[in-house]
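The values are calculated or read from the model by the stated rules, or taken from the named source; none is laboratory data. All figures in this text were calculated on a predicted structure; none of them were measured in a lab. Cβ: placed from backbone, ideal geometry, glycine included. Neighbour counts: every protein chain shown.
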């Protein structure tokens, strides 16, 4: 998977953000207009086997049990974690967890609410189909150091969580979700201005008590307000109604075929200017491809979530010419974090155009035909 005629596939930063769904769809559909064929004749089992083989290029290098043991004697860990955080996390989560492309981490309604296992899984499994990578290749020492550093953002003790109400009726919860949550978190929890909730890793990591705390009281320092009537959020929900919403979220967590977030959330005109200035030298003026791969490709854009595109700009592709393009790293174009959404909004306009897309010449075929 080190690359040849095709792109390198064993890049840690690619495997960290490419979900199994993205890999499977790419194998099946290919990339029309490029050298990447679609392997539609393969059985579902064969595609699954290929994806499983690709995952062996980035094996899990840590265990929660080992991380937990190291956190019992955390002296010096936070200092090491800070260095790791600045190299891997600042580009999305901001200095000292202040947020940016990714969520704010230094809020007490995260750090005082979740346990270390939640943080471990967030780091090593990521959030599939979002910008949060799965850092499977980090060692137990590295993961423990990151958790210790994140814990240094908040010195106060963990809060005692209220017991969540019994899970209610998910069909009723869907109604409450649509009226109270959908405007930020998107239809069926696929994400929007708020994060994607229809995510199996998130939902299997967060207990009902944690979900109840966030829904009822919100997350301080963020746009997430509390919906329990006493917290005067955008709408008021009774305790039992929040139980219905939790039931609906649990229902969404069982549905892996939900659509990806592919709506442009930024300013298209600004994004076009940034793309032309920072991306076109490699990817072409209209994304048709040059020294870098073609981006203006219907099957690629259909498979790639906004999170995948954002993470690619933020992290680059280790082992390839694609560097991080976001401020705070060492890329070429140095895109401001708050302009990443604008670039994505511009790229999404390629899906709306009726005119045929430009296709780059397939060099190896052109050369052999001449």
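Taking the conditions exactly as written (free of Cβ contacts under 8 Å to residues at least 40 places away in the same chain, loosely packed, with under 14 Cβ neighbours inside 10 Å and in a loop (DSSP other than H, G, I, E, B)), does residue 41 satisfy them or not? For residue 41, the condition - free of Cβ contacts under 8 Å to residues at least 40 places away in the same chain, loosely packed, with under 14 Cβ neighbours inside 10 Å and in a loop (DSSP other than H, G, I, E, B) - is met. Of the numbered criteria (1) touching a residue at least 40 places away in the same chain (Cβ under 8 Å); (2) farther than 30 Å from residue 325 by Cα, the one residue 266 fails is (2). Residues in the stretch 189-202 that are in a helix (DSSP H, G or I), surrounded by fewer than 22 Cβ atoms within 10 Å (Cβ to Cβ) and touching a helix residue (DSSP H, G or I) at 6+ places or on another chain (Cβ under 6 Å): 201 alone.
State all residues of the stretch 282-341 that are in contact with a strand residue (DSSP E or B) (Cβ under 6 Å, 6 or more places away or on another chain), farther than 16 Å from residue 16 by Cβ and either not in a helix (DSSP H, G or I) or not assigned by TED's automatic domain parsing to the domain that holds residue 352 (or both); if no residue qualifies, say none. Within the stretch 282-341, 325, 335 qualify. Is it true that residue 236 is at pLDDT below 95 and out of contact with any strand residue (DSSP E or B) (no Cβ under 9 Å at 6 or more places or on another chain)? For residue 236, the condition - at pLDDT below 95 and out of contact with any strand residue (DSSP E or B) (no Cβ under 9 Å at 6 or more places or on another chain) - is not met. The number of residues in the stretch 291-306 being touching a helix residue (DSSP H, G or I) at 6+ places or on another chain (Cβ under 6 Å) and surrounded by fewer than 16 Cβ atoms within 10 Å (Cβ to Cβ) comes to 1. When 87, 98, 186 are checked against the criterion of being out of contact with any helix residue (DSSP H, G or I) (no Cβ under 9 Å at 6 or more places or on another chain) and on the phi > 0 side of the Ramachandran plot, 186 stands alone in meeting it.
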